[in-house]
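Notes follow once the structure below has been shown.
The values are calculated or read from the model by the stated rules, or taken from the named source; none is laboratory data. Every value quoted in this text rests on a predicted model; they were computed, and no experiment measured them. Positions of Cβ are generated from backbone atoms using ideal geometry, with glycine treated the same way; all protein chains shown enter the neighbour counts. To get the accessible areas, we keep the full protein, side chains included, count just its heavy atoms, and leave off ligands, DNA and RNA. Shrake-Rupley method; radii C 1.70, N 1.55, O 1.52, S 1.80 Å.
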Amino acid sequence: MPVAYPLPKDLSPATVANTASLLRIVALALISGAAIASRLFAVVNFESIIHEFDPWFNYRATKVLAEKGFYEFWNWFDPTAWYPLGRVVGGTIYPGLMATSGVIYSFLHAINLPVDIRNICVMLAPGFSALTAWATYMFTKELKDESAGLLAAAFMGIVPGYISRSVAGSYDNEAIAIFLLMFTFYAWIKALKQGSAFFGTVAAVFYFYMVAAWGGYAFITNMIPLHSLVLILMGRYTNRLYVAYSSWYAIGTLSSMQVPFVGFQPVSTSEHMGALGVFGLLQIIAFSQLIHSHLPSKQFKTVVLGSVISIGLLGTAAIVTLTVRGSIAPWTGRFYSMWDTGYAKKYIPIIASVSEHQPTAWPSFFMDLQFLIFLFPAGVVYCFKQLRDEHLFVIIYAVVASYFAGVMVRLMLTLTPIVCVTAAVALSELLDTYIDPQEPDASAEVADVAAPSDNASAATPSKKVKKAAAAASAAPSNPISDLVNANAPAKTKKASKSRGIFGLDTRIAVIFNTTMMLLFFVAHCTWVTSSAYSSPSVVLASTNPDGSQHIIDDFREAYYWLRQNTAEDAVVMSWWDYGYQIAGMADRPTLVDNNTWNNTHIATVGKAMSSSEEVAYPILRKHDVDYILIIFGGLIGYSGDDINKFLWMVRIAQGVWPDEIQEPNYFTPQGDYRIDDQASQAMKDSLMYKMSYYRFSDLFGGQQATDRVRNQAVPKVGPTLDYIEEAYTSENWIVRIYAVKKEDPLGRDLKSANAFAEGKKRKRTKPMTRRRAII
Amino acid sequence: MLALWSLLLPLAGLAGLVHAKSSSGDSVLVVLEPGLPKEDFSVFFSNLKEQGYDLTFRAPKEVTPKVIEDDIPAFAHVILFAPESKAYAADITPQSLVTLLSEKTNLLVAVGPKTTPLTSLASEFSLILPTPNTPLISHFPKRDTPATVIPIEVASNSLLTAGTPPVWFSGVSYALGNNPLLVPILAAPAESFASDSTEDSGADALVDASEKGGEGLWAGSATSVVTGFQTKDGSRVTWVGSVTLFSDEFAHKALPNGKASGNEQFAKDVAAWTFQEKSVLRIESVSHHHVNGTSTPDFYTTNDEIVYSVKVSKYDPKTSSWKPCTCRSDIQLEFTMLDPHVRTTLVADPSDPGSYTASFRAPDRHGVFKFVIDYKRKGWSSLQSSTTVPVVPPRHDGYPRFLSAAWPYYAGAISTSVGFVVFSALFLAGDVRDVKKGKGLKHE
């Protein structure tokens, strides 16, 4: 048998195996290190701070958990959120994340490491990303082999699609959920392969952890039944499937119902009915198989088949009836918006208003996955070629996740692991083919099919390892046996190859190319991570003309102003995006926050923001609002400000008060959204417009004032305020805080009170007519 | 020295009888315009002094003493007897007077038929003054005084001493807007109207207005001549249509029927109300707790039985002290979250004077509730209190543990468990027997 390059011959198989195993451990350790390190850009560039919006709530909840213990956390009623409705926090959150941090915190303190709870929260996501890489390795290993697993782990460790949700400080549910997702799937595949109730239980336990950690658990709830259903339909029903599924479903469902927020949903909502239905179907099939094995009569078999089908139909009919009667909750709006991308905008604007719920743009696939997205189909094709049970799982996962990732930006996150896995499988197959030192026997063209990859090498990404691993696979087939095989090719097809690569030049070309692609991938990931995904969004950064970094810290500046200068029970109204940050950083009650559970309350805020002062004032008084906080980016060009979100406020308010708020009123007659002289009257009167541009033109000292976000000229004569007054404006005007005035002591409306205070004369009035004239 | 004694002696003598002080302070600034010598008001002023007020006099254009300095009012009360002054020193403007009110200073303001800066201020209090130079005129009852000097019957009013004889009045009347903070004290007589008293040219306008159905007509008892106003901050203003109401001349002037006029008593009563001597209430303390508890909890659970009590006291000018007030029977409590969920009357507690208690069940709704007392009655100072308390859902172990309705589920769980144990036992036992059998067969 010819080899393309010489191999060391004096290595014992045990040495090779041990070396490969050591190298794998080292590689995994290095991958974990890389995964953690690349997520620390955020800490290095800025500081150890909680990012974005939701993490601020998680952080605050974790503090409560760490300080007061689990039972107080469970019963925590937060009177400062959703003022005055309050929020039953214990029953409306997925506590997995906080519980994880709480356990780590208690453990570290138990071994006398007094780590601050904030640092645990900040570092949790990078820590779990290392575990995710390991889980991906385990999962991929089940599909192909260790070398593919290592590649997948490396991809998973640094792929931007996952880093975007797990940088240090991004203390969100997704931080631990992806690890749980991958590990549950790994346990499921393992259970299915071995027919193991133990691994089924492991899958169920991690499923429970996942349910406790992330609302996206419904993905697992539907993926595993879908996989099982496809297996059944393909006639691949086995007792292994029965054992794996039954143990997973029974234990997983029962334990998931222990999470207060989930409660009875697994047996009462449509989202969970698929899993229940497949469970029932499996019981019926298992029963019929049992009967079949005992009674082989052909007639009886048809009877059983008929009864099985009728029972199945009856079960389906029962579920449908229950759904129609309302015992089972119908599909939620969030579910419909998955299939009809225009649905949310029409019926639930509050969901559509979230930027991460928008459909994904094409460039973001490349941005988040780079060359993996090109290898992804190749990997799926490889799965089709193998098509064992676990490969089917990967195919289904790939199809489903691709669709969802196209519908919503945030679901790119669920696509990322499977892309890493399939891309790793494809790349590993490519490397296997090109690194394999055996050359095909030119004369032996008799061989039919290419050998399956049973003899695939245990290659690892590092070149050295690959060589060693190749040697490991080559070593047993020493030249003598090769010769024997070459003489009798029909006898053992395995050893000699009819297809393969001749010579070193093609190998080097392809491998060099692949290596370069991998290197560029690393460079791309590093660049994307450092430039796009490591910004805490609480702190903004810009570059000075000399290239140095300039930190824009308006948010914290304003939140600390609130904390230091306002009464502790002063209610702050803002758009819901900033609710968690105000609660977390300013520690003040808020009207609405990012837990958008009450549409009417949000619409109330939307109405107050989009109405004139006179209309808004009674709303503000009724809700005891003391301060209004808005985000205004017009001065420095911060585009995510409230004027750009304003139309969503109008739309959401319109959904509740269609008679009072109408979206078209906020556009110019030409249908433009403008803030300059041509702005519509409703726009100019709205509280949001007034608060944003109050005294804005004064800043330009007689020059033409320009809004840098919308690139429009701001009217020279700015709006005036009667019912509220400016309390604080941050350095770059990003955050503006207004105080709501008290009612006038003389019972006048504040507009005329202001006019009086400015010395304007009131129109003379006459006594009202008290009787009719007699004609 | 003699002057001091002459001042102190009557004070000491009267201390037990009429000595009274305001609940908000004793310093009074009297702004008297130059045309009105203070000797003309000696009865009124000496009555105030006797009651313990510390009067400081000043002309409108004098610069000192300032009524307000650095946004801090210098006096507890201000009397503005300047119905004809067109110009004031810089510290007295309509705006600064409103500022004074919001700083809890009380005002007693006299207006007249002439247009002054105060005319524009009056409209801020929903008082609608007639056109300039149209004083109140009445030709009834028959008397020997000019038509502008009118004896007005004093209707019974909780602010005034009962049985006050009619008072002499000469000035303007004004219509009242619909501001709920207004406290009418003395209405114009039904036969009176506002008109130009010197010439008859105004008569046509008057007839026109009355034919239009009364629009623009200041006439009849719907107009008022003395009106109180209590601001939301608790300070009080009284607008009097005539400065002469307080004068010695009217105080001593006999009524058409020969009896003494009520001006002196009326002026005292008006000053007493304006300067927060009368009808002044305040909330001493509020408390709330569970029906069976005494300490104030941080939160309540839904459906808890709550007891709320409030202590109200009333200012007693005779002893210058706050006395428990059992005088109100219509104070209400609201338990509010956006809207009142519970509204109930606070009942006076007979065992504890001044204490009012309400007991109710918290609504079956969690949220941040407020105990709200918002008590507003004409003439009385308003009582306002708002206490925030969260009402939370029951704790995880606060629900009933065993429900009779759940017995089917308990039975199901127990039977399944028992069945599992029995099945396992039988299965294991059966398995062992089979193996033994097989082994036995092999051996055979």
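Rounded to two decimals, the Cα-based Rg/Rh of the range B:27-275, with Kirkwood Rh, is 0.95.
Mean silhouette area of the range B:221-281, derived from the convex hull of its C-alpha atoms and averaged over all directions, reads 5.3 nm². At 1.4 Å probe size, with no ligands or nucleic acids counted, give the accessible surface of A:L40 in Å², nearest ten. A:L40 has an accessible surface of roughly 50 Å² with all protein chains in place.
The residues packed around A:I189, meaning those with a beta-carbon under 15 Å from its beta-carbon, carry a net charge of +3 if Lys and Arg are +1 and Asp and Glu are -1. For the range B:272-324, the extents of the C-alpha atoms along the principal axes are 47, 18, 15 Å, listed from largest to smallest.
Percentage of Cα-Cα pair distances in the protein assembly as shown greater than 42 Å, rounded to whole percent?
The proportion of pairs with Cα distances above 42 Å equals 61 percent.
Other residues within the sphere of radius under 10 Å centred on the Cβ of A:T416, judged by their own Cβ, net out at 0 (K and R +1, D and E -1). Using the rule -39500 (n - 2.57) for each DSSP H run of four or more residues, divided by the residues of chain A, the 222 nm mean residue ellipticity is -18000 deg cm²/dmol. The three principal axes of the C-alpha atoms in the range A:85-158 carry coordinate ranges of 51, 37, 19 Å, sorted with the longest axis first. For the range A:621-668, the convex hull spanned by the alpha carbon atoms encloses 111 Å³ per residue. Computed over the alpha-carbon atoms, the range A:1-100 gives an Rg to Rh ratio of 1.36, Rh here being the Kirkwood radius from the mean inverse distance. The calculated FRET efficiency for the pair A:Q549 and A:N119, based on their C-beta separation and a Förster distance of 22 Å, comes to about 0.45. Given a cut-off of 32 Å, what percent of all Cα-Cα pairs of the range A:553-758 lie beyond it? Percent of Cα pairs beyond 32 Å in the range A:553-758: 12. Rg and Dmax, both from the Cα atoms of chain B and both in Å, are 35.6, 149. A Förster distance of 35 Å, applied to the separation of the beta-carbon atoms of A:A532 and A:E568, puts the FRET efficiency at 0.40. Structure shown: which of A:K607/A:K751; A:K742/B:K21; A:K622/B:K66 lie over 27 Å apart, alpha-carbon to alpha-carbon? Flagged as over cut-off: A:K742/B:K21; A:K622/B:K66.
Spacing of the modelled spin labels on A:Y560 and A:F264, each 7 Å from Cα toward Cβ, amounts to 5.0 nm.
Between A:F374 and A:T668, what FRET efficiency comes out of the Förster formula 1/(1 + (r/R0)^6) with R0 = 45 Å and r the beta carbon distance, rounded to 0.05?
On the way: r = 45 Å, r/R0 = 1.01.
Once the sixth-power term is evaluated, E becomes 0.50.
Take A:Y347: with every protein chain present and a 1.4 Å probe, its accessible area is about 140 Å². Remark: mean inter-chain Cβ contacts per residue of A:79-86 equal 6, using a 10 Å Cβ-Cβ cutoff to other protein chain atoms. Rounded to the nearest 20, the size of the Cβ-charge dipole of chain B about its Cα centre is 2160 debye, with Lys and Arg at +1 and Asp and Glu at -1. In this simple spin-label model, placing a label point 7 Å from the Cα along the Cα-to-Cβ direction at both B:N257 and B:W407 gives a separation of 8.4 nm. Lysine pair count for the range B:281-392 with Cα-Cα distance under 22 Å and sequence separation of 8 or more or different chains is 9. Cross-link reach is defined here as a Cα-Cα straight distance under 19 Å, omitting same-chain residues fewer than 8 places apart; for B:K259 the aspartates and glutamates meeting it are B:D144, B:E153, B:D248, B:E249. Rg and Dmax over the alpha-carbon atoms of the range B:84-173 stand at 16.0, 46 Å. Summarising the overall dimensions of the range A:77-121 from its C-alpha atoms, the Rg and Dmax are 14.0, 42 angstrom. Principal semi-axes of the equivalent ellipsoid, √(5λ) from the alpha carbon gyration tensor of the range B:327-385, are 22, 15, 8 Å from largest down.
Rounded to two decimals, the Cα radius of gyration of the range A:215-355 over 2.2 N^0.38 Å is 1.26.
Please grab the % of Cα pairs in the range B:281-392 that end up more than 16 Å from each other. Roughly 58 percent, rounded to a whole number.
Between the Cα long axis of helix A:642-656 and the first principal axis of chain A there is an angle of about 80°, rounded to the nearest 10. An ellipsoid equivalent to the range B:23-83, defined through the eigenvalues of its Cα gyration tensor, has semi-axes of 19, 17, 7 Å when rounded to whole angstrom and sorted largest first. Please give me the summed charge of the neighbours of A:A125: other residues whose Cβ is under 10 Å from its Cβ, Lys and Arg +1, Asp and Glu -1. Every neighbour counted, the sum reads 0.
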